[in-house]
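Take a look at the structure below.
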Amino acid sequence: MSISTNACHSRTLLSHDDIPLACDCRGEGAPLLLFVHGWTCRRSHWLPQLEHFSANHVVAAPDLPGHGESGSGRRLRWGVKPFAQDVVSCVGALDAEKVILIGHSMGGAVALEAARELGSLVAGVVLVDTFVIDYGGLSPETVEAIFAPFQEDFAAAMSALVSQTATPATPADLKARLLCEMSAADPAWALPAWRNLLQWTPAAAFSELQVPLHAINGALIPPSARERCAPFVTETIIPEAGHFLQMEDPSRFNHILEKILTRLC
C-alpha cells in the first residue's frame, strides 16, 4: 500500500457505523502504522510521529468519533470496543496488508481490542502510557470515585486530569493546549466513553493476542499496572516524562519507537 507522496493528506474515512472520520495519511512503505489517540484527544497529537515515520511507512491517524474533526453521528454506544471497530474499519479502508497499531492512553486499549478483531493483519501493538490507570484492576467503587468528578463538573475534572498526568518535564504551553482541547469534548459522549474505559480490562486481549506487545511509558505508571502487564508487554520507560510523552519529547519518543519498529517489521 502506498499514499505515493510524503505530503499530508486529510481523508474522510467511515466508522463501523458510517460516521465520517477525519484521518491524516502520508508516506509510503509497509507495514501501515496506524496511530490511535486517547480519550478526548485528537489526531494532531501524533503530528511529530506522522512527519517522522512517513519516510519509510504509510502512516495514518484518524480522529475517532466525537473527537477532533470527526462527528458523533447517532451513536448510542460509546466505549473501547466501538472505537476498536472504528479502527478496524479504518484499516480496511486503507487497504493494509499488515498494520502496526500504536495507541496512546485510551488509544492503547482501543488498539488491543482492534488487534483481536484484525487477527493476522496485525504485526504488533505499541501501547503509549496506556496503563497510567490500572485498567483491569479497578474495583466498581474506584471506578465510580474516578468518574464522579467528571459527571459533577466536567471542566474542573478535566483541569485536574491534565495537572495529574503532567510532570515537571511537561511544558506549560502543552498543558494549556491539552486543557483547551480536551475540555472542549462533549460530555454527552465523553462521559459514557470514560466510564466504559474505566471498566475495561485487558485480560482477554492479553490472553488471545499472539503478536508482540510493546509499551513506551512515562513516570506515572502505577506499580500494580506494571505488574499486571509485565508477563505480556515489553516495556521501555522514559523516567521523567508525563502522560503525553510523544508530544513532550518527540525526538526521544521517536527514537524509541524506531527501535521497536525494527523488531516488528
request  = Return yes when Arg11 is out of contact with any Asp or Glu (no Cβ under 6 Å at 6 or more places or on another chain), modelled with pLDDT under 95 and either surrounded by 22 or more Cβ atoms within 10 Å (Cβ to Cβ) or outside any loop (DSSP other than H, G, I, E, B) (or both) and no when it is not.
outcome  = yes
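Please enumerate the residues belonging to the range 71-117 that are among the aromatic types (Phe, Trp, Tyr) and either out of contact with any Pro (no Cβ under 6 Å at 6 or more places or on another chain) or closer than 12 Å to His37 by Cα (or both).
Correct list: Phe83 only.
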key: Close pairs from the range 83-106: first modelled with pLDDT under 95, partner in a helix (DSSP H, G or I) and surrounded by fewer than 20 Cβ atoms within 10 Å (Cβ to Cβ), Cβ under 7 Å, at least 6 apart   = Ala96/Leu121
request  = Could you pull out the residue among Pro222, Pro250 that is within 30 Å of Arg263 (Cα to Cα) and under 17 Å from the mean Cα position of the chain (by Cα)?
outcome  = Pro250
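Among the residues of the range 176-188, which ones are more than 17 Å from the chain's Cα centre (by Cα) and either of a type outside the set (D, E, K, R) or surrounded by 18 or more Cβ atoms within 10 Å (Cβ to Cβ) (or both)?
Selection gives Ala176, Leu179, Cys180, Ser183, Ala184, Pro187, Ala188.
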request  = Restrict the check to the range 210-217 and report whether at least one residue is within 30 Å of Gln151 (Cα to Cα), in contact with a helix residue (DSSP H, G or I) (Cβ under 7 Å, 6 or more places away or on another chain) and not aromatic (Phe, Trp, Tyr).
outcome  = no
key: The lone exception for Met182 - which of (1) within 21 Å of Leu264 (Cα to Cα); (2) in contact with a Cys (Cβ under 7 Å, 6 or more places away or on another chain) it fails   = (1)
ask   = How many residues does the range 193-209 contain that are loosely packed, with under 14 Cβ neighbours inside 10 Å and either touching a helix residue (DSSP H, G or I) at 6+ places or on another chain (Cβ under 9 Å) or not hydroxyl-bearing (Ser, Thr, Tyr) (or both)?
value = 3
inquiry  = So if I check each of Leu121, Leu138, which one is out of contact with any Phe, Trp or Tyr (no Cβ under 6 Å at 6 or more places or on another chain), farther than 17 Å from Leu197 by Cβ and touching a residue at least 12 places away in the same chain (Cβ under 8 Å)?
reply    = Leu121
remark   = All conditions in (1) small (Gly, Ala, Ser); (2) free of Cβ contacts under 8 Å to residues at least 24 places away in the same chain; (3) surrounded by fewer than 16 Cβ atoms within 10 Å (Cβ to Cβ); (4) under 28 Å from Arg77 (Cα atoms) are true of Ala157 except (3)
query = Which one of these is in contact with a Ser or Thr (Cβ under 8 Å, 6 or more places away or on another chain) and either part of a loop (DSSP other than H, G, I, E, B) or over 26 Å from Thr12 (Cβ atoms) (or both): Gly108, Gly136, Gly124?
reply = Gly136
query = Pick from the range 65-82 the residues that are in contact (Cβ under 8 Å) with a residue 12 or more places away in the chain and hydrophobic (A, V, I, L, M, F, W, C): which of them is nearest to Pro20 (Cα to Cα)?
reply = Trp78
query = Mind checking which pairs have a first residue in the range 32-45 that is without any contact (Cβ under 8 Å) to a residue 12 or more places away in the chain and a second that is β-branched (Val, Ile, Thr) and buried (at least 24 other Cβ atoms within 10 Å of the Cβ), Cβ under 9 Å, 6 or more apart or different chains?
reply = none
remark   = Scanning the range 81-105 residue by residue, those among the β-branched types (Val, Ile, Thr), within 21 Å of Gly29 (Cβ to Cβ) and part of a helix (DSSP H, G or I) turn out to be Val87, Val91
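Table: residues versus (1) touching a Ser or Thr at 6+ places or on another chain (Cβ under 7 Å); (2) part of a loop (DSSP other than H, G, I, E, B); (3) within 25 Å of Glu113 (Cα to Cα).
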residue	(1), (2), (3)
Glu144	no, no, yes
Ala157	no, no, no
Pro168	no, yes, no
Glu181	no, no, no
Ala193	no, no, yes
Leu198	no, no, yes
Arg226	no, no, yes
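The values are calculated or read from the model by the stated rules, or taken from the named source; none is laboratory data. The model shown is predicted, which means the values in this text are computed figures rather than measured ones. Virtual Cβ from ideal backbone geometry, glycine too; neighbours counted across all protein chains shown.
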